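*Asks:* Below you'll find the structure I mean.
The values are calculated or read from the model by the stated rules, or taken from the named source; none is laboratory data. All figures in this text were calculated on a predicted structure; none of them were measured in a lab. A quick note on method: Cβ atoms are made from the backbone with ideal geometry, for glycine too, and the neighbour counts reach across all protein chains shown.
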Amino acid sequence: MKVSLKDIVKYLLTIGITVLLLWFAFRGISWDDMMDGFARCNWWWIAASMAVGWAVVVSRGCRWRLMMQPISAELTRLECYDAYNVCYLANLAVPRSGELVRCAMLARTGKISFQQAAGSMALERTWDLLSAFLIGLGMVLFTRFGTFLLDDMWKPFAESLSFNAVWLVVGLCALLGVSIWAIFHFRNRYAFVRKIWDFLAGLGGGIRAGFAMKHKIPFFLHTVFIWVMYWLQVLFVIYAFPDMQQLNASDAFFVMMVGSLGWIVPVQGGFGAYHFLVAMALVPVYGIEQHTGLIFATISHESQILQMLVCGIVSLITFFLIWGRRRNLL
């Protein structure tokens, strides 16, 4: 695969952002305090958190398969599970590449096209965003999460801009609208625009198939299960730390939502962003010491990364071993 200068610059930029965020998060933290915090951690609870993270991937693979069954009933749960694991593995190397990788993996089976897989993926991510929005809205209205978002995140960002932040939102919406109009208007005039249109049409086919799925109740139950498991991941890590025992189950929801913002930042595996945001939330909101918040964020994040690495490597091997055997039989 040909690597362009733009790709190299983009990759170096994400690494630079990661290093900068890690420096902001860990500056002034004593290494002895970190080691002492790790030593007092209950690793059985961390192992339970990692097991819960694995259960999330299993459920996500099964849910994704349900969405694609109207297109291809031949896809197996194992293929979708392996593709999801490798998706997370790819994201650790190149941010946001995993979504394309998992669609490409299923396309290699010959049971579904890349565009159809991408369409179902787009619908799945849309549903995830809707679910996160509804959970976040409830927390904004009824918990400390709203105060944190407004006072500690949005206001400093808006004040740092040299113009009204509303115009930024308006400009982005206008740009999106113009882009959609241009693609539709020039789809039959230019070859590259036609390719974009055909790709979007394939996405639309995958999305329509997702809405046509027969097993809507299992899809909904998987979605609920996934978010409950995300919550348990955080709660189990809280149980692992003696210095975090003032936090309860509802506080775990708050930390879960703040942590999810760290995973959204386009850096490899949320490194730096997750640590910075979680520590920034725990210190002012709960009065937890900086080094304690960072120890918590580090163990929480790195345990998830370890689970992604192990499961991703295993799935990468098993997928291509099984696919290779099938290809030889054809």
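*Asks:* If I filter segment 50-108 down to residues being within 17 Å of the chain's Cα centre (by Cα) and charged (D, E, K, R), which single residue comes out as surrounded by the most Cβ atoms within 10 Å (Cβ to Cβ)?
*Replies:* Taking the candidates together, the pick is Asp82.
*Asks:* I'd like the residue in segment 306-323 that is at pLDDT 85 or above and more than 17 Å from the chain's Cα centre (by Cα) and, out of all such residues, is surrounded by the most Cβ atoms within 10 Å (Cβ to Cβ).
*Replies:* Ser315
*Asks:* Let me ask you something else. Out of everything in segment 274-285 that is buried (at least 24 other Cβ atoms within 10 Å of the Cβ) and free of Cβ contacts under 8 Å to residues at least 60 places away in the same chain, what residue ends up being nearest to Leu92 (Cα to Cα)?
*Replies:* The selected residue is Tyr274.
*Asks:* Determine which member of the set Asp151, Asp128 is exposed (fewer than 13 other Cβ atoms within 10 Å of the Cβ) and either modelled with pLDDT of 65 or more or out of contact with any strand residue (DSSP E or B) (no Cβ under 8 Å at 6 or more places or on another chain) (or both).
*Replies:* Asp151
*Asks:* Applying the selection to segment 43-100, what residues are out of contact with any Cys (no Cβ under 9 Å at 6 or more places or on another chain), over 14 Å from Asp128 (Cβ atoms) and small (Gly, Ala, Ser)?
*Replies:* Ala47, Ala48, Ser49, Ala51, Ala55, Ser72, Ala73, Ala90, Ala93
*Asks:* Condition first: within 19 Å of Leu232 (Cα to Cα) and crowded, with 17+ Cβ neighbours inside 10 Å. Now tell me which residues in segment 292-304 satisfy that.
*Replies:* Hits for segment 292-304 are Gly293, Ile295, Phe296, Ala297, Thr298, Ile299, Ser300, His301, Ser303, Gln304.
*Asks:* Related question: Test Ser303 against the criterion of being within 29 Å of Phe133 (Cα to Cα), small (Gly, Ala, Ser) and modelled with pLDDT of 80 or more, and give yes or no.
*Replies:* yes
*Asks:* Report, ordered by the first and then the second residue, all pairs with beta carbons closer than 9 Å, sequence separation of six or more or different chains, a first member in segment 286-313 that is within 19 Å of Ala55 (Cβ to Cβ), and a second member that is surrounded by fewer than 18 Cβ atoms within 10 Å (Cβ to Cβ) and small (Gly, Ala, Ser).
*Replies:* Listed pairs, sorted by first residue: Ser303/Ala47; Gln307/Ala51.
*Asks:* Answer yes or no as to whether Val166 is at pLDDT below 70, among the aliphatic types (A, V, I, L, M) and within 27 Å of the chain's Cα centre (by Cα).
*Replies:* When the stated conditions are applied, Val166 passes them.
*Asks:* Next up: Yes or no: Phe271 modelled with pLDDT of 75 or more and out of contact with any Asp or Glu (no Cβ under 7 Å at 6 or more places or on another chain)?
*Replies:* Answer is no for this residue.
*Asks:* A follow-up question, please. Please count how many residues of segment 80-115 are in contact (Cβ under 8 Å) with a residue 24 or more places away in the chain and more than 13 Å from Leu316 (Cβ to Cβ).
*Replies:* Within segment 80-115, residues that are in contact (Cβ under 8 Å) with a residue 24 or more places away in the chain and more than 13 Å from Leu316 (Cβ to Cβ) number 13.
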